Amino acid sequence: MAEKSSHIINSRVTSVISISLVIFLIGITTALLLLSSDLSVAVRENITMSVVLKDDLKNADVQKLQKTIDAEPYCKSTEYIDKDRAAKELAEELGQDPVEFLGFNPLLGSIEMKLHADYANADSIAQIEAGLRRMPEVKDVIYQEVLVDAVNKNVQRVSAVLSVFAILLILISYALISNTVRLTVYAKRFLIHTMKLVGATGSFIRRPFLVQGAATGFVSAIIAMGMLTGLIFWAQSEITTFMTTEMLHTLLWSFFIMILSGIIITLIATYLSVTRYLKLKVDDMYYI
């Protein structure tokens with residue numbers, strides 16, 4: 001009896017560990033997907049459009065124009081750079097002051113604008129550019145069109161690759177967890193048949209297996225969350241700026257998905273496994 005009890009405990013521990021490792025992989029993939037989404041937003045919102053102003057504008061006109069641009073739905077932030085600051089920054093980049101070389105400042109003031117991520121694409125930027133050029137205070141609008149196209153293409157490629165990987169991992173995860181659960185139910189196939197013989201309904205027989213499956217999925221998810229947390233803390237020790245507010249938000253969402261996937265996958269696998277043995281005749285159970 002003690003040996004049988006020990007065997008059952010070892011079987012459950014093995015199942016929990018196996019499922020935990022699979023859910024841990026789901027957690028890592030979820031975190032990567034969420035981080036890639038945050039990263040794509042950050043990259044897009046770092047694209048800058050330079051609104052070059054006419055030379056004869058007064059400070060009041062510049063401030064009015066900046067407020068007008070700030071009020072637009074596409075604008076995330078703006079920064080006014082006057083011609084003196086522009087000349088100073090250019091001198092630092094070139095290592096030589098263009099004002100001293102030319103005898104005058106050839107640069108114009110500008111409003112450096114960053115866009116919201118939803119507007120950082122070629123079509124939206126073209127419309128924004130056209131609208132800015134119609135403003136009487138604006139002399140020119142400059143942005144790196146090639147960079148915009150490259151950013152959007154690379155973001156789409158990364159998202160597509162991670163999405164395909166996530167789908168494959170979910171399928172593999174289900175197969176692995178399903179096999180683990182099937183082995184657990186397999187050991188009790190004759191108990192299921194005995195319960196059928198005494199008149200137990202299918203729902204009555206499934207209930208304890210489903211409860212145990214949900215508990216196993218939950219405990220496995222908690223263990224996997226601990227593993228992911230350990231990985232995050234290790235990364236934090238190596239990269240001091242790793243744990244940001246966005247990263248914490250991503251971690252919480254990953255935890256939620258890990259618990260949800262752990263419970264749902266084990267419930268589905270348990271239901272299908274028990275249903276399979278409910279349909280089998282006793283003679284068939286010896287040959288599976």
Residue 79 vs (1) touching a residue at least 24 places away in the same chain (Cβ under 8 Å); (2) over 14 Å from residue 114 (Cα atoms); (3) among the charged types (D, E, K, R): all pass except (2)
_Going residue by residue through the range 164-176, is there one that turns out to be out of contact with any strand residue (DSSP E or B) (no Cβ under 7 Å at 6 or more places or on another chain), closer than 13 Å to residue 270 by Cβ and not in a helix (DSSP H, G or I)?_
no
The one condition residue 282 fails out of (1) assigned to a loop (DSSP other than H, G, I, E, B); (2) modelled with pLDDT of 70 or more; (3) of a type outside the set (Asp, Glu) is (2)
Note: among 224, 215, just one is out of contact with any Cys (no Cβ under 7 Å at 6 or more places or on another chain), over 17 Å from residue 32 (Cα atoms) and at pLDDT 80 or above, namely 215
Apart from one, (1) open to solvent by 50 Å² or more (accessible area, probe 1.4 Å); (2) in a helix (DSSP H, G or I); (3) at pLDDT 80 or above; (4) not β-branched (Val, Ile, Thr) all hold for residue 10; the odd one out is (3)
Here the residues within the range 190-233 that are more than 30 Å from residue 24 (Cα to Cα) and crowded, with 18+ Cβ neighbours inside 10 Å are 192, 205
When restricted to 151, 158, 146, the only residue within 29 Å of the chain's Cα centre (by Cα) and without any contact (Cβ under 8 Å) to a residue 60 or more places away in the chain is 146
Across the range 127-136, the tally of residues that are touching an Asp or Glu at 6+ places or on another chain (Cβ under 9 Å) and surrounded by fewer than 19 Cβ atoms within 10 Å (Cβ to Cβ) stands at 2
Listed by range, helices (runs of 4 or more DSSP H) wholly within the range 47-116 having at least 1 residues that are at pLDDT 70 or above and open to solvent by 80 Å² or more (accessible area, probe 1.4 Å) are 59-70, 83-94
Taking the condition within 25 Å of the chain's Cα centre (by Cα) and modelled with pLDDT of 75 or more, does residue 247 pass?
no
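The values are calculated or read from the model by the stated rules, or taken from the named source; none is laboratory data. This one's a predicted model, so the numbers in the text were calculated from it and none came from an experiment. Note that each Cβ is placed from the backbone with ideal geometry, even for glycine, and that neighbours are counted across all protein chains shown. Surface areas here come from the heavy atoms of the whole protein model, side chains and all, with no ligands, DNA or RNA. Shrake-Rupley method; radii C 1.70, N 1.55, O 1.52, S 1.80 Å.
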